[in-house]
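Worksheet: the structure to be examined is printed underneath.
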Amino acid sequence: MLSLLVRKGAGAQVPVAVRRQLRRWLGRALVAAGCADATVCLSLSDDAELHALNLQYADEDHATDVLSFAQQEAPAGFAPPSPTLLLGDIVISIETAERQARQHGHGLDAELLHLAVHGLCHLLGYDHATQSEERVMFTYEAQLRAEARGRRPVQPQRRPPRPRRRSPETALPM
């Protein structure tokens, strides 16, 4: 189940047609990720709220484009979540999404899809802290976005394994 909440003044900035399209696309991305029955709450908000959330939960004193709040942490062995799991929440700043859409030369709907799928991948346990993690996550994101925007029935995408992080004791010196 996918719920879409529009918070604060974000409602005026996101036309109803864009909200409908975003729900449809993210729903298709969930199917492609093998989580058709999972529950995700997508919230559209503003820079002030994302700044406050980022400060409270990530100890970073600035607004950001998207934050994900998983309902459970992915285990070290990364067992894929149950398809009926409550995955968590994705919160997107409409103000930042609009700026990024203009910078990248595409519409708000495309930027919102990009950020929503990015948040979904975080809920599924992916990260982009290292180059190998980034490569895996961003490739998987692209596959999910393509399925989300497609016109044919959704094709489930194989969930790639997460790269293993080296422990500090075994990391190679830079």
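The single condition among (1) among the charged types (D, E, K, R); (2) within 20 Å of Arg99 (Cα to Cα); (3) exposed (fewer than 13 other Cβ atoms within 10 Å of the Cβ) that Asp37 does not satisfy is (2).
Residue-level check: of (1) under 20 Å from Glu141 (Cβ atoms); (2) modelled with pLDDT under 95, Val14 misses just (1). The listed residues are Leu55, Leu30, Leu67, Leu22, and the only one of them that is surrounded by fewer than 14 Cβ atoms within 10 Å (Cβ to Cβ) and modelled with pLDDT of 90 or more turns out to be Leu55.
Taking first residues from the range 1-14 that are in a loop (DSSP other than H, G, I, E, B) and partners that are surrounded by fewer than 17 Cβ atoms within 10 Å (Cβ to Cβ), the Cβ contacts under 7 Å between residues at least 6 apart in sequence or on separate chains come to Met1/Thr39.
Scanning the range 98-116 for residues that are without any contact (Cβ under 8 Å) to a residue 40 or more places away in the chain, surrounded by 15 or more Cβ atoms within 10 Å (Cβ to Cβ) and either farther than 20 Å from Lys8 by Cα or more than 13 Å from the chain's Cα centre (by Cα) (or both) turns up Gln100, Ala101, Ala110, His114.
The C-beta contact set for the range 142-157 (first residue touching a residue at least 60 places away in the same chain (Cβ under 8 Å) and crowded, with 17+ Cβ neighbours inside 10 Å, second residue among the β-branched types (Val, Ile, Thr) and assigned to a loop (DSSP other than H, G, I, E, B), distance under 6 angstrom, 6+ apart or interchain) comprises Glu147/Val154.
Name every residue in the range 110-132 that is over 19 Å from Ala38 (Cα atoms) and modelled with pLDDT under 95, in order of residue number. Those that are over 19 Å from Ala38 (Cα atoms) and modelled with pLDDT under 95: Asp127, His128, Ala129, Thr130, Gln131, Ser132.
The values are calculated or read from the model by the stated rules, or taken from the named source; none is laboratory data. For clarity, every value in this text was computed on a predicted model and none was experimentally measured. Please note: Cβ atoms are built from the backbone with ideal geometry, for glycine as well, and neighbour counts cover all protein chains shown.
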